[in-house]
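*Asks:* I have a structure I would like to understand better, so I am pasting it below and will then ask my questions one at a time.
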Amino acid sequence: MSELSFEQMLDETFKTIRNGEVVEGTVIDVKEDEIILNIDYKADGIITRNEYSNDQNLDLREVVHVGDTMEAKVLKLNDGDGQVLLTYKRLAADKGNKRLEEAFENKEVLKAKVTQVLDGGLSVVIEEARVFIPASLVSDTYEKDLTKYQNQEIEFVITEFNPRRRRVIGDRKQLLLAKKEEMKKELFERIHAGDVVEGVIKNVTDFGAFIDLGGADGLLHISEMSWGRVENPKKVFKAGETIKVLIKEINGDKIALSLKFEDQNPWLNAAEKYAVGNVVEGKIARMTDFGAFIELEPGVDALLHVSQISRAHVEKPSDVLKVGQEIAAKVVDFNGEEKKISLSMKVLEPAQEPAAEAEEAVEE
């Protein structure tokens, strides 16, 4: 019998491996950019940083330690330096693809960190398998800048799975829409007209503000913002602020809101404050040719007729008065049912001497 060569004896002593085979080994050395494994073969196995992870800044010494046991896939039996080139990343990606396939078939909700923000969407990794989420499926509203999602954990479902064509598509939008619909249903089951609820101002326009009630938006119209007059909602409210509002009416999916709380209605005690004969102070809110409207307090206006401005003849209120001017006047009429109050400045003026009155009459 011929004697076996040293190489043949090694081949018989150690197991046989092939390209593509999954092997298990023990870590015998770790460097910043490579891992050395004892795989019970005549040569050691090596995993470069590039074949361990897609993170090219990763220090392998921080994640792998001598004595650890690892599985890897054989890429080349000889990397050129006599070592077996292995890949951990691709084996993990294979396992990840199986995980994604199961999630796709079961419509499972997955959670992963965004590893890359691309021009057209987001890239996430599940067990080293990549999932692409197009920008149109990231949110239920248009978002021009997706950079805020970098390194954020997000939930999504797999809507397309074709690893051969490298098309594994995720969808976050449908989860957000489904959650909103569920919240909307719960909200409408909970709220009723007359309830006071808390919401967040979503948007402010010239005619009102939209309030997010947690499932649906309600409209706070400019006419319902105060018992008084609001000229510009944007000067009073800001998006993002939390606010308590009264649900005035629910009509289908539409919710009308108000800040006119009945216990704050200024007309509740107006009869006493503005009884006939009382002298009151107010600010001129607006004027017409026949008189001026005086704001006594937010929500309570009174009419100062042109004939009641002065004992002297006044052609138009704007001849002697200005909007915003503070005046004092006496209440000469009060109608609580119609919410009407009439004032007079003239009666507060000193009575004229009879001669002066006669002279004034002749002039007229």
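The values are calculated or read from the model by the stated rules, or taken from the named source; none is laboratory data. Because the structure is predicted, anything quoted here is derived from the model rather than measured. Methodologically, a virtual Cβ is constructed for each residue, glycine included, from the backbone with ideal geometry; neighbour enumeration extends over all protein chains shown. SASA here: full protein model, heavy atoms, side chains in, ligands and nucleic acids out. Shrake-Rupley method; radii C 1.70, N 1.55, O 1.52, S 1.80 Å.
*Asks:* With θ set to phi - 60° and the Karplus curve 6.51 cos²θ - 1.76 cosθ + 1.60, what are the ³J(HN,Hα) couplings of region 251-264 in order, to the nearest whole Hz, using x for Gly and Pro?
*Replies:* Calculated HN-Hα couplings, in order: 10, x, 8, 9, 10, 9, 10, 8, 10, 8, 6, 4, 6, 9 Hz.
*Asks:* For the chain, with every protein chain kept in place, what is the accessible area per residue (1.4 Å probe, Å²)?
*Replies:* Values: 22400 Å² over 364 residues.
Value returned for the chain: 62 Å² of accessible area per residue.
*Asks:* Within region 151-239, count lysine pairs with alpha carbon atoms under 25 angstrom apart where the residues are 8 or more positions apart or belong to different chains.
*Replies:* Count of close lysine pairs: 12.
*Asks:* Would you work out the charge dipole size for the chain about its Cα centre, treating the Cβ of every Lys and Arg as +1 and the Cβ of every Asp and Glu as -1, and quote it to the nearest 20 debye?
*Replies:* Values: 49 positive and 70 negative charges, 158 e Å.
Computed charge dipole of the chain: roughly 760 debye.
*Asks:* Still on this model: Given a 1.4 Å probe and every protein chain left where it sits, what share in percent of the accessible area of region 12-145 is carbon and sulfur? Don't skip to the end; give the middle numbers.
*Replies:* On the way: 3220 of 7600 Å².
After summing per-atom areas, the C and S share lands at 42 percent.
*Asks:* Using alpha-carbon positions, what is the distance between the centroids of region 41-67 and region 225-282, in Å?
*Replies:* 68
*Asks:* Still on this model: Choose one answer from 127, 315, 231: the residue with the largest mean-square fluctuation in a GNM of the chain with alpha-carbon springs under 10 Å.
*Replies:* 315
*Asks:* Next up: Can you list the lysines whose alpha carbon is less than 27 Å from that of residue 42, not counting same-chain residues fewer than 8 positions off?
*Replies:* Straight-distance partners of residue 42: 15, 31, 73, 76, 89.
*Asks:* Rounded, prolate or oblate: which one fits region 221-333, using the alpha carbon gyration tensor with axes a ≥ b ≥ c (rounded when a/c is under 1.5, else prolate when a/b beats b/c, else oblate)?
*Replies:* On the way: a/c = 2.86, a/b = 1.97, b/c = 1.45.
Taking the square roots of the gyration eigenvalues as a ≥ b ≥ c, region 221-333 is prolate.
*Asks:* Per residue of the chain, what 222 nm ellipticity follows from adding -39500 (n - 2.57) for every DSSP H run with n ≥ 4, rounded to the nearest 500?
*Replies:* Working: 5 runs with 58 residues, N = 364.
Rounded to the nearest 500, the figure is -5000 deg cm²/dmol.
*Asks:* Same structure again: Got a sec? Charge dipole of region 132-287, +1 on Cβ for Lys and Arg, -1 for Asp and Glu; which of 284, 192, 158 is way out at the positive end?
*Replies:* Going by the charge dipole, the pick is 158.
*Asks:* Another question, then. Spin-label point model (7 Å from Cα, Cβ direction): what's the residue 281 to residue 141 distance in nm?
*Replies:* Those two pseudo-labels are separated by 4.5 nm.
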